[in-house]
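**Student:** Right, I'll just put the structure down here and ask away after.
Since every read-out is calculated from the coordinates, none of them should be taken as a lab result. Keep in mind that what you see is a predicted model, and the values were worked out from it rather than measured. When we count neighbours, we look across all protein chains shown, and the Cβ atoms used for this are built from the backbone with ideal geometry, even at glycine.
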C-alpha cells in the first residue's frame with residue numbers, strides 16, 4: 001500500500017513538472033530577459049549599470065553580477081574520437097531544433113526598426129500596414145529599435161518534439 005502511495009506521489013510530481021507552463025519574456029527597451037517555469041522558479045537577466053542574474057526557486061533566491069562570476073579553467077584530456085559523418089549529425093540536430101522551436105507559442109511580440117537610412121526606412125515602411133504585422137511591426141524614422149517578445153510552452157511538448 002505504501003508503494004502505491006509513493007508511486008502516485010512521484011507520478012503527480014512528474015505530471016506537474018511536465019504540464020506546467022514555461023514563459024520566456026524578452027524586452028530590449030529595458031534590457032531584460034526572463035524565463036519563468038510557473039510553479040517552479042524564475043531566472044532573470046537584466047542590465048542596471050552592470051549585467052545582473054537572478055535565480056529564484058521556491059524558497060531559494062540568489063542575485064549576482066556577471067562580472068563576479070569567474071570561469072575556472074579545465075584541463076582537457078586527449079582521447080581518441082570516433083570519426084562520424086558530421087553533416088548527418090548536424091542536419092538531424094537542426095531538424096530536431098526546428099521541431100522544438102515550432103512547439104513554442106507567441107503570446108505577444110512588438111518590433112520597432114529604424115535602419116538610420118531614410119531610403120531604406122521608406123522602402124520598409126509599407127510593412128507597417130501588412131495584415132499579419134499590423135500593430136506588431138513598426139518601421140520608424142525616430143531612431144527607435146526594440147524587441148518585445150513573450151512566448152510560452154510546456155515541457156512535455158518540447159520532449160515530444162525532440163524525441164518524437
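**Student:** Could you line up 1, 93 from fewest to most neighbouring Cβ atoms inside 10 Å?
**Tutor:** 1, 93
**Student:** Residue 44 label point, 7 Å along Cα→Cβ, cut-off 18 Å on backbone N: hits in segment 120-153?
**Tutor:** Flagged as within label range: 148-151.
**Student:** Expressed in nm to one decimal, what extension gain is obtained for the pair residue 13 and residue 51 from 0.36 nm per residue of sequence separation less their Cα-Cα distance? Show your work: numbers first, answer last.
**Tutor:** On the way: separation 38, 0.36 × 38 = 13.68 nm, distance 3.43 nm.
Full extension from residue 13 to residue 51 adds 10.3 nm.
**Student:** Can I ask one more? Given the -39500 (n - 2.57) contribution per DSSP H run of 4+ residues, what per-residue ellipticity at 222 nm results for the chain, rounded to the nearest 500 deg cm²/dmol?
**Tutor:** Working: 4 runs with 51 residues, N = 164.
Result for the chain, helices only: -10000 deg cm²/dmol.
**Student:** If you don't mind, another one. Going by how many other Cβ atoms sit within 10 Å of their own, how do 48, 25 line up, fewest first?
**Tutor:** Details: 48 10, 25 17.
Ascending Cβ contact count within 10 Å gives the list 48, 25.
**Student:** What ranking do 150-162, 132-144 get when scored by the average of other Cβ atoms within 10 Å per residue, highest first? Before the final figure, lay out each step's value.
**Tutor:** Details: 150-162: 15.6, 132-144: 12.4.
Per-residue Cβ counts within 10 Å, averaged per peptide and sorted highest first, yield 150-162, 132-144.
**Student:** Let me ask you something else. What nm value, rounded to one decimal, do you get for the distance between residue 116 and residue 86 when each label is placed 7 Å out toward the C-beta?
**Tutor:** Spacing of the two 7 Å Cα→Cβ label points: 3.6 nm.
**Student:** In what sequence do 51, 3 fall when counting other Cβ within 10 Å, fewest first?
**Tutor:** Numbers: 51 13, 3 7.
Result, fewest neighbours first: 3, 51.
**Student:** Here's another thing I want to ask about it. Would you calculate the convex hull of the Cα atoms in segment 21-67 and tell me its volume per residue in Å³? Provide the component values of the computation, followed by the final result.
**Tutor:** Working: hull volume 2.8 nm³, N = 47.
Dividing the Cα hull volume of segment 21-67 by its residues yields 59 Å³.
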